[in-house]
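**Student:** This is the structure I want to talk about, given as structure tokens.
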Amino acid sequence: MRAWPATADVPKPMLQVGGRPALHHVMDIYARHGVHDFVLAGGYRIDAIRDYRDAFPSSWDVDIVDTGEEADTGDRVLCCLDRLGETFFLTYGDGLGDVDITALRSRHESHGRGATVTVVPLPSQYGTLDVDPADRVVDFREKPSLPDHLINAGFFVINRDVLDRSVTGSLERDILPNLGSRGELFVYRHAGFWKSMDTQKDIQELDQLATREVPPWLPNRN
């Protein structure tokens, strides 16, 4: 709803960024790291994704699954489990960042537990003021990142067998907290570019960034 009315006819991941759906850009991030097998958990306006399927590179294997229009984020994942490998990447369709997918996978393998979530410092939507003991302003920072507050950037690695199929509902409110309570969830810290596409303003900003020769979410990798 935050991106309404742009989402009246298409799901948010299909909104245009630089002349292509945001979803295509997200998948490009993985493809740059050699990941070419995709399962797309569709629901709302799924035909928009199906109609675009032929525009994906022929070297990609793209499976589009109708997980139901009203399904929550965690339920969509559970609907697709039987189509996934023992360990799989997971992400949303509306967050772009130059996340090193290879390093993310290495981090997941190094801690030996069931799941890894990429985190970034919370980007403040406001400017902040630094003041001295006398309350005199000594510095003003325009919309800084807040390194003491980490947020979910939406790029995951998960071992399929760690998911408890009895825990359903929201990925964020149900499944991830369950993994955390069991000691199965670790973080991968990303310090580079990352931006979510939540509002019309975000869409416009990403659209402008996409005009660069190399967008900031796509480092020039072979």
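The values are calculated or read from the model by the stated rules, or taken from the named source; none is laboratory data. Owing to the predicted nature of the structure, the values given are computational and were not obtained by experimental measurement. No Cβ is skipped: glycine too gets one built from the backbone with ideal geometry, and neighbour counts run over all protein chains shown.
**Student:** Give the residue, chosen from Val35, Val17, Val65, Val77, that is under 26 Å from Gln204 (Cβ atoms) and either touching a residue at least 60 places away in the same chain (Cβ under 8 Å) or in contact with a helix residue (DSSP H, G or I) (Cβ under 6 Å, 6 or more places away or on another chain) (or both).
**Tutor:** Val17 is the lone residue from the list that is under 26 Å from Gln204 (Cβ atoms) and either touching a residue at least 60 places away in the same chain (Cβ under 8 Å) or in contact with a helix residue (DSSP H, G or I) (Cβ under 6 Å, 6 or more places away or on another chain) (or both).
**Student:** Quick check on the range 87-95. Is at least one of its residues under 30 Å from Gln204 (Cα atoms) and among the small types (Gly, Ala, Ser)?
**Tutor:** The answer is yes; a qualifying residue exists.
**Student:** Restricting attention to the range 159-194, which residues are within 28 Å of Glu70 (Cβ to Cβ), within 14 Å of the chain's Cα centre (by Cα) and crowded, with 18+ Cβ neighbours inside 10 Å?
**Tutor:** If the condition is that a residue be within 28 Å of Glu70 (Cβ to Cβ), within 14 Å of the chain's Cα centre (by Cα) and crowded, with 18+ Cβ neighbours inside 10 Å, then Leu171 is the only one that fits.
**Student:** Within the range 138-174, work out how many residues are modelled with pLDDT of 90 or more and either of a type in the set (Val, Ile, Thr) or over 21 Å from Asp98 (Cα atoms) (or both).
**Tutor:** The number of residues fulfilling the criteria is 18.
**Student:** I've got another one for you. Out of all the residues in the range 61-73, which are hydrophobic (A, V, I, L, M, F, W, C) and either in a strand (DSSP E or B) or within 16 Å of the chain's Cα centre (by Cα) (or both)?
**Tutor:** Passing the criteria: Val62, Ile64, Val65.
**Student:** Go through the residues of the range 49-60 one by one and say whether even a single one is assigned to a loop (DSSP other than H, G, I, E, B) and within 26 Å of Pro177 (Cβ to Cβ).
**Tutor:** No, that holds for no residue.
**Student:** Separate question: Quickly run through the range 82-105 and pick out the residues that are surrounded by fewer than 15 Cβ atoms within 10 Å (Cβ to Cβ) and touching a strand residue (DSSP E or B) at 6+ places or on another chain (Cβ under 9 Å).
**Tutor:** Arg83, Gly85, Glu86, Ala103
**Student:** Taking the criterion of being of a type in the set (A, V, I, L, M), modelled with pLDDT of 95 or more and touching a Cys at 6+ places or on another chain (Cβ under 6 Å), would at least one residue in the range 38-50 satisfy it?
**Tutor:** Yes: the range 38-50 contains one or more residues that are of a type in the set (A, V, I, L, M), modelled with pLDDT of 95 or more and touching a Cys at 6+ places or on another chain (Cβ under 6 Å).
**Student:** Could you say which residue among Ala48, Ala31 is over 23 Å from Arg212 (Cα atoms), surrounded by 12 or more Cβ atoms within 10 Å (Cβ to Cβ) and aliphatic (A, V, I, L, M)?
**Tutor:** Exactly one of Ala48, Ala31 is over 23 Å from Arg212 (Cα atoms), surrounded by 12 or more Cβ atoms within 10 Å (Cβ to Cβ) and aliphatic (A, V, I, L, M), namely Ala48.
**Student:** When you scan the range 36-45, how many residues do you find that are assigned to a strand (DSSP E or B) and surrounded by 15 or more Cβ atoms within 10 Å (Cβ to Cβ)?
**Tutor:** So the answer is 5.
**Student:** Here's a follow-up. Count, please, the residues in the range 74-106 that happen to be assigned to a helix (DSSP H, G or I) and farther than 20 Å from Ala191 by Cα.
**Tutor:** Adding up the residues that qualify gives 10.
**Student:** Let me ask something else about it. Could you check the range 107-222 for strands (runs of 3 or more DSSP E) lying wholly inside it with 1 or more residues that are farther than 25 Å from Met14 by Cβ?
**Tutor:** Ranges flagged: 115-123, 128-131, 137-141, 145-159, 185-189.
**Student:** Please specify each residue of the range 111-135 satisfying the condition of being of a type in the set (Ser, Thr, Tyr) and touching a strand residue (DSSP E or B) at 6+ places or on another chain (Cβ under 9 Å).
**Tutor:** Answer for the range 111-135, where residues must be of a type in the set (Ser, Thr, Tyr) and touching a strand residue (DSSP E or B) at 6+ places or on another chain (Cβ under 9 Å): Thr116, Thr118, Ser124, Thr128.
**Student:** Where residues in the range 106-133 are more than 24 Å from Leu179 (Cα to Cα) and either touching a Pro at 6+ places or on another chain (Cβ under 6 Å) or of a type in the set (S, T, N, Q) (or both), which of them is surrounded by the most Cβ atoms within 10 Å (Cβ to Cβ)?
**Tutor:** Ranking the qualifying residues of the range 106-133, first place goes to Ser124.
**Student:** Looking at the structure I just gave you, is Asp174 closer than 30 Å to Glu86 by Cβ and charged (D, E, K, R)?
**Tutor:** yes
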